[in-house]
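The values are calculated or read from the model by the stated rules, or taken from the named source; none is laboratory data. All values reported here derive from a predicted model rather than from experimental measurement. Cβ coordinates were reconstructed from backbone atoms using ideal geometry, including for glycine residues, and neighbour counts include every protein chain displayed. Accessible surface areas use protein heavy atoms only, side chains included; no ligands, DNA or RNA. Shrake-Rupley method; radii C 1.70, N 1.55, O 1.52, S 1.80 Å.
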Amino acid sequence: MIARAPIVAVTLRGLLDRKRFWLMVALAAVPVLLMAMAVAFSDQPVEPEDFDTAVISLVLPLIALVFGTSAIGSELEEGTIVYLLTKPVRRLRIVLAKALVAAALTAALVVPATLATGLVATMGGSDVLAAGAAYALAAALGAAAYVVIVLAVSTFTRWALAVGLVYVLLWEGILADLLPGTGQFSVRQATIGVARELADEPIPSGDIGFEQGLISLAIFIIGGIAIATWRMSRYQVRGGD
């Protein structure tokens, strides 16, 4: 399948052949280590919402930022994207291929890390294995949304990683929790809404629910792909000029 999809193969090699991939593997292991320490040194039981703190709020967006900006941003910055744009390939296909690889790699790290975190907590006496599976599934959807957003940003500026960090730390981490009614514009809030429903957790009044979370994530993904595709088309025009 990869041999028949050269864009996927090139993107995959570009993301796997770099030291940052192994740094992301180490980052994905952090929640598991933290949970092991909590089980070993704390008497407090692990709650399902702890997956938000351990995975959704920090590890997921950071890994998605790195893979999402590298999938296409590196080629744009180095100028090698021109070789791809001169081929008779639809811009939508390019964007979809690169987003698919980056999202799949992000999910491939975050999902097992979330499951392992739940397993460690369960071994410590907390019955959160099912919640871990729910948050893992929601994290895969959140990974796609984060990746597409930063991939679209990377088509506009070489500082996409910095812009993404500001977005994650300022908007997702602070403002979206403080400003009423802004949760639907937050990938983190939408992901948590989906996870809570799958884990059969009560949803606090005013927070995003399952259906609204899915709709928000779908809008992020579709909108990001549309913007990135439009921008890639404009980039081709400027290159020809």
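A few comments on the model shown:
- Pairing each residue of the stretch 137-165 that is open to solvent by 30 Å² or more (accessible area, probe 1.4 Å) with any residue that is part of a loop (DSSP other than H, G, I, E, B) and among the hydrophobic types (A, V, I, L, M, F, W, C), provided the two are 6+ apart or on different chains, yields C-beta distances under 9 Å for V153/W159; V163/F156.
- The residue list L129, L170 contains one member that is modelled with pLDDT under 90, open to solvent by 70 Å² or more (accessible area, probe 1.4 Å), touching a Gly at 6+ places or on another chain (Cβ under 8 Å) and under 20 Å from I56 (Cα atoms), which is L129.
- Cβ separations smaller than 6 Å between residues 6+ apart or across chains give the following pairs from the stretch 224-241 residues that are under 29 Å from S186 (Cβ atoms) and among the hydroxyl-bearing types (S, T, Y) to residues that are modelled with pLDDT of 85 or more and surrounded by fewer than 18 Cβ atoms within 10 Å (Cβ to Cβ): T229/L92.
- The set of residues in the stretch 6-44 that are open to solvent by 80 Å² or more (accessible area, probe 1.4 Å) and either closer than 23 Å to A139 by Cα or at pLDDT 90 or above (or both) comprises W22, L23, L33, L34, M37.
- Listing of helices (runs of 4 or more DSSP H) fully contained in the stretch 6-92 that carry 1 or more residues being among the small types (G, A, S): 6-16, 19-41, 59-78
- Being within 20 Å of F67 (Cβ to Cβ), crowded, with 17+ Cβ neighbours inside 10 Å and among the small types (G, A, S) is a condition met by no residue of the stretch 210-222.
- Check on G79, modelled with pLDDT under 85, open to solvent by less than 40 Å² (accessible area, probe 1.4 Å) and at positive phi: yes
- So A145, is it at pLDDT below 90, under 22 Å from E49 (Cβ atoms), out of contact with any His (no Cβ under 8 Å at 6 or more places or on another chain) and among the aliphatic types (A, V, I, L, M): no
- Verdict on L60 being open to solvent by 40 Å² or more (accessible area, probe 1.4 Å) and not charged (D, E, K, R): no
- Close pairs (9 angstrom Cβ cut-off, 6 or more residues apart or separate chains): over 17 Å from S57 (Cα atoms) in the stretch 12-35, of a type in the set (F, W, Y) and surrounded by 12 or more Cβ atoms within 10 Å (Cβ to Cβ) anywhere: L15/F21; L15/F67; R20/F67; F21/F67
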